[in-house]
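The values are calculated or read from the model by the stated rules, or taken from the named source; none is laboratory data. No experiment lies behind these values; they were computed from the predicted model shown. Heads up, the Cβs are rebuilt from the backbone with ideal geometry, glycines too, and the neighbour counts pull from every protein chain shown.
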Amino acid sequence: MISRPSRFPWWFRLLLLVAPATRLCAAEPTPADLMITHGHVVTMNDQREVFMDGVVVIRGSRLVAVGPAALATQYTAPKVIDARGALVLPGMINTHTHASMTVFRGLGDDVPDRLRRFIFPLEKALVDRDLVYWGGLHGIVEMIEGGVTTFVDMYYFEEEVARASRQAGMRAIVGQTIVNFPAPDAPEPYGGIARARQLITNLRGDPLITGALAPHAPYTVDATRLREIATLSAELDAPVLIHLAEMTDEVATLRKEHNQTPVEYLDALGLLNRRLVAAHCIFVNASDISLLHRRDAGVAHAMVANIKSAKGVSPVVQMEQAGVRVGLATDGPMSGNTLDVMGQLGYVAKVHKLDRKDRNVMPAVQVVELATRGGARALHREQELGSLEPGKLADVILVDVAATAMVPLYDPYAALVYAASPRDVRTTIIHGRIVMEDRRVLSGAGIPAAGPAGRVTRTPPCRRSNSLGISSM
């Protein structure tokens with residue numbers, strides 16, 4: 001039999017032989033450190049993209065890819081979390097709290113003038129370095145268990161809160177309290193200013209923790225010191241945390257003495273700017289809201305603490321409409337009693353609807369945005385926190401939707417706001433590290449050694465001690 005000459009030149013036949021190997025090389029998966037697959041991914045990006053069978057890819061401390069299931073074939077990682085049956089979303093941000101006050105939780109509830117009758121005397125008698133560390137560590141574990149990945153704290157001995165945060169692998173802004181009377185960590189009035197400078201300097205460059213100045217309130221820090229704090233904040237480019245427009249007597253005193261609202265007063269002193277995070281802002285008017293927006297300040301909305309104390313409802317609906325940077329907060333565990341933001345969501349939605357007599361205000365998606373993107377915006381960190389997008393920091397939580405109250409799941413935002421509990425948080429990842437996996441809190445020292453890919457074993461719901469040495473449920 002005579003063979004026919006090929007219709008193709010030798011070089012083309014050689015190309016056909018080499019091409020499959022070339023295609024295999026081109027399809028080689030890109031290395032990553034951690035992948036989350038098969039989750040119901042709620043990105044909270046500008047387009048509000050949701051991937052029903054989604055993938056999140058993490059390398060180091062950053063998100064490198066977020067998208068549909070097919071994305072998983074493009075990457076390989078030593079650790080893969082199968083997120084079937086869970087919502088995957090950005091970690092929640094608690095924009096104002098006093099974590100170490102967990103040790104006082106439940107004291108002084110339902111008592112008038114609680115701040116002066118209970119809180120200040122308790123702190124004077126009992127607060128020391130050890131109490132702040134252990135109370136802070138307990139509060140941080142509670143936040144991790146509730147899906148909080150960043151918190152903003154104001155208290156004494158804040159270097160101890162920083163130490164606890166670092167141990168747990170938690171992201172934090174820690175503010176040294178400044179007051180006009182002797183404090184547990186500063187025997188002379190306003191001694192907190194020097195301590196704050198040192199704290200900020202010592203934490204400079206820390207990837208997780210930022211130091212801040214924390215003047216307690218306009219009624220506990222005089223105008224001279226507030227101006228000094230404004231100058232120091234600009235010099236150090238450091239955040240300033242303060243309680244603002246929270247008390248009726250605060251408003252009355254500033255109106256009588258300066259003919260100004262609390263917001264106008266801070267503006268006159270040079271404090272109302274992009275570095276400020278103002279907690280509460282209950283008693284603010286339309287002019288104040290416009291001023292907060294123009295000065296680009298952040299607002300920490302602590303709904304549960306405010307209504308529990310019967311102070312009122314902050315006009316956050318109007319703030320949102322005006323473009324003010326608003327995030328959610330719990331306040332301290334003596335005020336709101338819990339430190340998880342998830343427990344705030346339903347109150348934020350329902351109380352604002354009641355307050356405005358309008359069921360259409362504060363829809364569920366907007367409330368989830370306040371807990372994530374809103375918190376990032378209030379801290380001026382929306383470029384790196386608050387949504388699941390490539391390039392942002394890898395702060396991610398998995399929320400189990402298998403609980404009876406979460407079934408069926410039609411709308412992930414409605415489920416989170418109206419049905420979810422902090423105990424539904426399955427896994428918490430901060431800065432690319434798994435700090436809680438299947439309800440077991442880890443040390444935060446790094447991603448655990450890789451095991452077989454796939455869904456990890458669920459821990460039974462019994463009392464256990466986590467690796468931080470704190471008993472939990």
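Observations
- Single residue of Gln344, Gln366 found to be assigned by TED's automatic domain parsing to the domain that holds Met170, farther than 30 Å from Pro68 by Cβ and polar (S, T, N, Q): Gln344
- Candidates Ile140, Ile178 - the one that is free of Cβ contacts under 8 Å to residues at least 60 places away in the same chain, buried (at least 21 other Cβ atoms within 10 Å of the Cβ) and out of contact with any strand residue (DSSP E or B) (no Cβ under 7 Å at 6 or more places or on another chain): Ile140
- Subset of the stretch 321-349 (residues that are surrounded by 21 or more Cβ atoms within 10 Å (Cβ to Cβ) and assigned to a helix (DSSP H, G or I)): Met342, Gln344, Leu345, Val348, Ala349
- Failed condition for Arg117, given (1) assigned to a helix (DSSP H, G or I); (2) over 28 Å from Val326 (Cα atoms); (3) at pLDDT 95 or above: (3)
- Set Glu228, Glu188: member being at pLDDT 95 or above, among the acidic types (Asp, Glu) and more than 26 Å from Leu122 (Cβ to Cβ): Glu228
- Top-ranked residue of the stretch 79-120 - restricted to ones that are of a type in the set (Val, Ile, Thr) and in contact with an Asp or Glu (Cβ under 9 Å, 6 or more places away or on another chain), ranked as surrounded by the fewest Cβ atoms within 10 Å (Cβ to Cβ): Thr102
- Considering residues of the stretch 368-383 that are out of contact with any Gly (no Cβ under 8 Å at 6 or more places or on another chain) and not in a helix (DSSP H, G or I) only, the residue surrounded by the most Cβ atoms within 10 Å (Cβ to Cβ): Arg381
- Number of positions in the stretch 384-429 that are in a loop (DSSP other than H, G, I, E, B) and among the basic types (Lys, Arg): 1
- Residue within the stretch 155-167 that is buried (at least 24 other Cβ atoms within 10 Å of the Cβ), modelled with pLDDT of 95 or more and assigned to a strand (DSSP E or B) present: yes
- Residues in the stretch 99-148 that are under 23 Å from Val396 (Cα atoms) and touching a Phe, Trp or Tyr at 6+ places or on another chain (Cβ under 8 Å): Ala99, Gly136, Ile140, Met143.
- Test: Gly136 is modelled with pLDDT of 95 or more and out of contact with any helix residue (DSSP H, G or I) (no Cβ under 9 Å at 6 or more places or on another chain): no
- For the stretch 292-320, filtered to residues that are of a type in the set (S, T, N, Q) and in a helix (DSSP H, G or I), the residue that is farthest from the chain's Cα centre (by Cα) is Gln318.
- Some residue of the stretch 121-134 being surrounded by 24 or more Cβ atoms within 10 Å (Cβ to Cβ) and within 20 Å of Val341 (Cα to Cα): no
- Residue match in the stretch 452-469 (condition: of a type in the set (S, T, N, Q), modelled with pLDDT of 95 or more and not assigned by TED's automatic domain parsing to the domain that holds Val367): no
- Considering the stretch 274-299, and only residues there that are of a type in the set (D, E, K, R) and within 17 Å of Leu241 (Cβ to Cβ), the residue that is surrounded by the fewest Cβ atoms within 10 Å (Cβ to Cβ) turns out to be Arg274.
- Per-region count, the stretch 84-113, residues over 22 Å from Gly343 (Cα atoms) and in contact with a Lys or Arg (Cβ under 8 Å, 6 or more places away or on another chain): 2
- Hits in the stretch 354-388 (condition: among the basic types (Lys, Arg) and within 12 Å of the chain's Cα centre (by Cα)): Arg373, Arg377, Arg381
- The set of residues from the stretch 211-229 being among the β-branched types (Val, Ile, Thr) and buried (at least 21 other Cβ atoms within 10 Å of the Cβ) comprises Val221, Ile229.
- Flag for Leu208 being in contact (Cβ under 8 Å) with a residue 40 or more places away in the chain, surrounded by 13 or more Cβ atoms within 10 Å (Cβ to Cβ), more than 26 Å from His280 (Cα to Cα) and under 20 Å from the mean Cα position of the chain (by Cα): no
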